[in-house]
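To start, the structure itself, in structure tokens.
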Amino acid sequence: KFFTSMGINPLPETFYERSLFTKPQDRDVQCHASAWNIDSKDDLRIKMCIQRTGEEFSVIHHELGHNFYQRAYNTQPLYYQESAND
């Protein structure tokens, strides 16, 4: 709600379907948080094994910032799109 309250479009439903928020029980994964823009359009994802702590709240908010920026700037020149990772 933080990002959408500033007028930024919400993330697509596929974001919630395709992202990894908890560590899978059936396989090993790298749990380091990262935000992904798969197709430079609407396939946005987060990979993070979220724990309910204050630090993790800051990390997920940071990663969401990448995804919201990626979506908001996906029609801009590449220079601006790449700034999502700065």
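Every read-out reported here was derived from the displayed coordinates using simple, explicitly stated rules and does not represent laboratory data. From a predicted model like this one, the values you see are computed outputs, not experimental measurements. Glycine also receives a Cβ, built like all others from the backbone with ideal geometry; neighbour counts cover every protein chain displayed.
Data overview
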| item | result |
| --- | --- |
| Flag for residue 15 being in contact with a strand residue (DSSP E or B) (Cβ under 6 Å, 6 or more places away or on another chain) and not β-branched (Val, Ile, Thr) | yes |
| Pairs where the first residue, in segment 15-39, is under 25 Å from residue 74 (Cα atoms) and the second is assigned to a loop (DSSP other than H, G, I, E, B) and acidic (Asp, Glu), C-beta under 9 Å, 6+ apart | 15/42; 15/43; 18/43; 36/43; 37/43 |
| Residue within segment 66-74 that is exposed (fewer than 15 other Cβ atoms within 10 Å of the Cβ) and either out of contact with any helix residue (DSSP H, G or I) (no Cβ under 9 Å at 6 or more places or on another chain) or not basic (Lys, Arg) (or both) present | no |
| Hits in segment 27-62 - residues which are closer than 21 Å to residue 3 by Cβ and basic (Lys, Arg) | 41, 45, 47, 52 |
| Among (1) assigned to a strand (DSSP E or B); (2) loosely packed, with under 11 Cβ neighbours inside 10 Å; (3) of a type outside the set (S, T, N, Q), the one test that residue 45 misses | (2) |
| Residue 63, sole failed condition from (1) in a helix (DSSP H, G or I); (2) of a type in the set (D, E, K, R); (3) more than 29 Å from residue 78 (Cβ to Cβ); (4) touching a residue at least 24 places away in the same chain (Cβ under 8 Å) | (3) |
| Leading residue by the ranking (farthest from residue 14 (Cα to Cα)) among those in segment 33-42 that are outside any strand (DSSP E or B) and not basic (Lys, Arg) | 33 |
| Residues located in segment 19-28, provided they are outside any strand (DSSP E or B), touching a strand residue (DSSP E or B) at 6+ places or on another chain (Cβ under 8 Å) and surrounded by 12 or more Cβ atoms within 10 Å (Cβ to Cβ) | 19 |
